[in-house]
Amino acid sequence: MPTRPLALPRDLIPVADMLVEAFQYPDHPEWGVQSDEQRQIVESLRRMGRIWPLVRVLQWISPSLRDVARGFVREENGAIGGLALAQREGTTPTWVISMVGVLPTYRRRGIARELVLATLEMVRSRGGTRATLAVIEGNAPAQSLYRSIGFVEFGGYTCYALAPAGAVERPTLPPGTEEAPLAEFDWQTRYELDQRIVPESLQRFEPIVPGRYRPPRLMRALAPLFSLALGTKVRDIVIRTARDRLVVASGGWTLSRRGEGTNRIRIRLDPACPDLAPFLVRRLLHEVLAKRPRLRIELVVPSWAPAVAAAAEEVGFVRRTANREMGIELETWSRGESPRTEG
């Protein structure tokens, strides 16, 4: 059966239907799509389908939006049996392969390899010079597949989850610091913070450049519409030193507007200020639990932020998956004949 380019919005609903089954791991149920995530994924994709005519108009007006969601699907018996999804990081030549999934019935037939190779060729044809992806630590077949194609490891992160068990008291701001709101499209503050704190070793595949952070003007104007379509509400803050007003941390949350699915918090912390980690975790939890006290909360912590991981575990976050980040440089990559690893 054919491997073909992803066709949006036509493929949105079929993809939603196959994702839940494709991302289940009987030997490691904690890796898979959880029950509270399933409806959220399906409903978000359905709502995105309803506003897709607007997305098409935006892509025609703003070329940078044309690479928001591209990829390939594999059709089996008239239905989608496999998917690889990728998107450009802002206006940079870096792409992220955000999803590679094959239904259990069709695994170990080389479908994942075929989808990834087709995606890499597409990325390069659109001017991409590098691609990254993440794989669960312990998923040996997937890791072997990506290495055989040419991906190398360059970083990692851990996904945590917390089942709410009561309110969290709002902590006191540590002495010598100030809290301020961070506007949704204040890309420069985020960019300057990451410039200082992200390890240089990661920037071979994830360079800290303005094009990765600065959103297209049209996205700023229409952000409320997309937030409504996706059913989310977002808020962010920064922590500054009181003396010189240097931003040393940012944090925020994404809430489910409809009270279903999951909530998420995010934290970026200068490693030179580890003592701020407990405050940030509790500060964000206090607000999220006050607004959506029954939903599970997710947090992703990069491997270079151990203070945040320790603070999260202290309040009850449980590690769900550890993930390895892998990258490939496409200017020197050749599809060629590499050792075959089924996926």
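Things worth noting here:
- Per-residue Cβ neighbour rank within 10 angstrom, fewest leading, Phe72, Phe23: Phe23, Phe72
- Legend: ranking of residues Glu331, Glu314 from fewest to most surrounding C-beta atoms inside 10 Å; resulting order Glu331, Glu314.
- The range 39-171: C-alpha gyration tensor shape, a/c 1.5 cut-off, then a/b vs b/c: rounded
- If only the Cβ of Lys and Arg carry +1 and only the Cβ of Asp and Glu carry -1, the dipole of the range 162-322 around its Cα centre is close to 640 debye.
- Kirkwood Rh and Cα Rg combined as Rg over Rh, evaluated for the chain: 0.95
- Rounded is the label for the range 162-322, because a/c, from the alpha-carbon gyration tensor with a ≥ b ≥ c as root eigenvalues, stays below 1.5.
- Gained length - Glu314 relative to Thr129, 0.36 nm times residue gap less alpha-carbon distance: 62.5 nm
- Span-like helix ranges in the chain, DSSP H, alpha carbon extent 18 angstrom or more, Kyte mean at least 0.0: 111-125, 217-230, 277-291
- Only helices enter the 222 nm calculation for the chain: every DSSP H run of n ≥ 4 contributes -39,500 (n - 2.57), and dividing by all residues gives -10500 deg cm²/dmol, rounded to 500.
The numbers here are math on the coordinates, done by the rules we state, and not lab data. Note that the structure is a prediction, hence the values are computed from the model and not measured. Neighbour counts are summed over all protein chains in view; Cβ atoms, including those assigned to glycine, are modelled from backbone coordinates with ideal geometry.
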